[in-house]
Each structure stands twice: as C-alpha cells, then as structure tokens.
1. Would you mind telling me which residue in Pro21, Pro12, Pro99 has the biggest mean-square fluctuation in a Gaussian network model of the chain, where springs connect alpha carbons within a distance under 10 angstrom?
2. At 1.4 Å probe radius, can you tell me the per residue accessible area of the range 26-111 in Å²?
3. If you build a Gaussian network model of the chain, linking Cα atoms that sit under 10 Å apart, which residue out of Val161, Val181, Val76 swings the most?
4. Under a Cβ-Cβ limit of 4.7 Å, which cysteines in the chain have nobody to pair with?
5. Full extension from Leu111 to Val64: what is 0.36 nm times the residue separation minus their Cα-Cα distance, to one decimal in nm?
6. Using DSSP H assignments, which helices in the chain have an axial alpha-carbon span of 27 Å or above and a mean Kyte-Doolittle hydropathy of 0.0 or higher?
7. List the pair-distance distribution P(r) of the range 40-82, using every Cα-Cα distance, as the percent of pairs falling in each 5 Å bin from 0 up to the bin containing the longest distance, rounded to whole percents.
8. Which value at 222 nm does the chain reach when only helices count, each DSSP H run of 4 or more adding -39,500 (n - 2.57), with the total divided by all residues and rounded to the nearest 500 deg cm²/dmol?
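The values are calculated or read from the model by the stated rules, or taken from the named source; none is laboratory data. Keep in mind that this is a model prediction, so the values were computed, not measured. Cβ: placed from backbone, ideal geometry, glycine included. Neighbour counts: every protein chain shown. Areas reflect the complete protein model, heavy atoms only, side chains present, ligands, DNA and RNA absent. Shrake-Rupley method; radii C 1.70, N 1.55, O 1.52, S 1.80 Å.
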Amino acid sequence: MMDGGNYSGMRPINLILLGPPGAGKGTQARILEEKFGLVQLSTGDLLRAAVAAGTEAGKAAKAVMEAGELVSDEIVLAILKDRMADDDVAKGVILDGFPRTQAQAQALDALMRESGQKIDSAVSLSVDDEAMVERVSGRFTCGNCGEGYHDSFKQTAKKGVCDKCGGTDMKRRADDNAETVRQRLDAYHAQTAPLISYYESRGCLSRINAMAAIDAVERDLEAIVERVSA
Ligand code: AP5
C-alpha cells in the first residue's frame, strides 16, 4: 500500500471532494495532503483568510458566509485562480469545497485545459443531512495548526490541547450553528449536488459512503488515489 514514504514515485493527480457541510471534506483532504503530498485547496479556508485580512473580497463574502449562502462565482474564481498560480499546486491538488456551481465547474475545466492537466476523480462523499447538523455543530479546530476535531467523533487526547502541535487556542466557526448549517445544506442540494451528474457524465465520478468512520473513509479515498495514479 502506498504511503507518504513512497509518494515520490506518484505522478501529480487532481481530486475534487464533493459533499455537503460536515461530509468530511476538510478532514480527509488534510489526511491526503499528509499521506500523498498533494495540496489541499479549500475555497472556504481561502475565503475565511480573506475575511480575516479584511480584503475587498473578504468584506463582500463575510455576510454571505455567515448566512450560509454561496459567495459569488466571481469572487470565488478570482481567489481560486490566484491560489492555483502558486508553484506548489504542481504537486497535484485536492479541491475541498470547490467547485460548488455549474459555472465554477466549467471555469475549472478551462483552467485545467489551459495548464494541460485534468481532474482525475471527483469524489462524492454521501451522507445523511441530519447527521451533518451534529457533525458541524460539534466541530472545533486548533487555531495554531488547523487540525480539526469533534466534541464526540474526534476528541483531543488531552482536553483543550491539540494532539498535533500542543496548541491550546481552539476555535469554532461563526457559521457552525444549527440554523446556518441547514441553510448551507439547502445551498448544497440546490447548487452543488447537480455536479455529481456533471462529473458522472465525464466518467470521472467516484462515490464513497462518508457516514462510515473517519478511518474507513480514509481507506476508501486511498484506494481511489491508488487507482487513478496507477
Ligand atoms: P466551507 O469551508 O467549504 O464549508 P462546508 O462546505 O460547509 O464544509 P465544512 O467545512 O463545514 O465541512 P467538511 O466537509 O469540510 O467537514 P469536516 O471535515 O470539517 O464553506 C464555508 C462557506 O464558504 C460556504 O457556506 C460559502 O458561503 C463559502 N464558500 C466556500 N467555498 C465556496 C465556493 N466554491 N463557492 C461559493 N461559496 C463558497 O468535518 C466536520 C466535522 O465532522 C469535524 O468535526 C470532523 O472531525 C467530523 N467528521 C469528519 N468526518 C467524519 C466521519 N466520517 N465520522 C464522524 N465525524 C466526522
């Protein structure tokens, strides 16, 4: 089985993680990043960084994100294109939370074509909506290294202390409350779920049962990486 130790022989691959809030996109993207040296590219993280930095894009995105709606394609695509221009992206990317609309999927196709690359697999993480409210409401993250945890499903070994870096500044997101999560789920079903058939029609869709435990989902994703990079 491939792991971080023999990643160097693997060609760069590009994956999309498709799924509603709480499906485990961020959790699994971080695992894949560590294991295979791919780069996690989360438009949610990029937007939150823009909000924190007070950029024009961040100012425009803040209220939209707090309401659980989708930020405009124009802002998201500008932020994504900037990030895709960085050198490390050549290692291959895990797109976490992008694309989320048909327009974003088409813009990504164009970007891939221009750079002579392709999407190796779009992975749909299938989950039950009701369970997602619990997953998202219980989430917290280390403010120092970004490692994600959950009140019930992934606790720190020592209360309040990050297992990874020892940090003690744990954060909860402003949009991680039950009401906003329901709005985010609605946005997912209306605008993002149709992308499952978009990628199915292109022959690069994979499906995973993301209701399973974190390590079981990890094994399924690893099998996909091994298949597409073979
Ligand atoms: P974004 O940051 O992308 O949030 P999201 O899609 O709502 O996804 P989440 O981060 O909530 O969930 P996740 O799937 O990463 O789950 P996680 O791994 O953390 O977007 C936020 C906002 O930004 C959007 O609402 C929108 O406004 C804007 N935005 C972003 N991208 C955009 C775009 N492209 N276009 C327009 N607007 C955009 O897991 C959740 C919790 O569950 C964790 O605590 C974890 O430990 C736990 N967990 C994970 N997997 C499992 C498992 N298998 N079993 C049990 N627990 C698990």
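1. Answer for the Gaussian network model of the chain: Pro12.
2. Working: 3710 Å² over 86 residues.
Ligands and nucleic acids excluded, the result is 43 Å² per residue.
3. Val161
4. Cys204
5. On the way: separation 47, 0.36 × 47 = 16.92 nm, distance 2.57 nm.
Net length gain for the segment: 14.3 nm.
6. On the way: long enough: none.
Long hydrophobic helices here: none detected.
7. Over the range 40-82, the share of Cα pairs per 5 Å bin runs 5, 25, 40, 23, 5, 0 percent.
8. On the way: 9 runs with 101 residues, N = 230.
Roughly -13500 deg cm²/dmol at 222 nm, from the helical runs in the chain.
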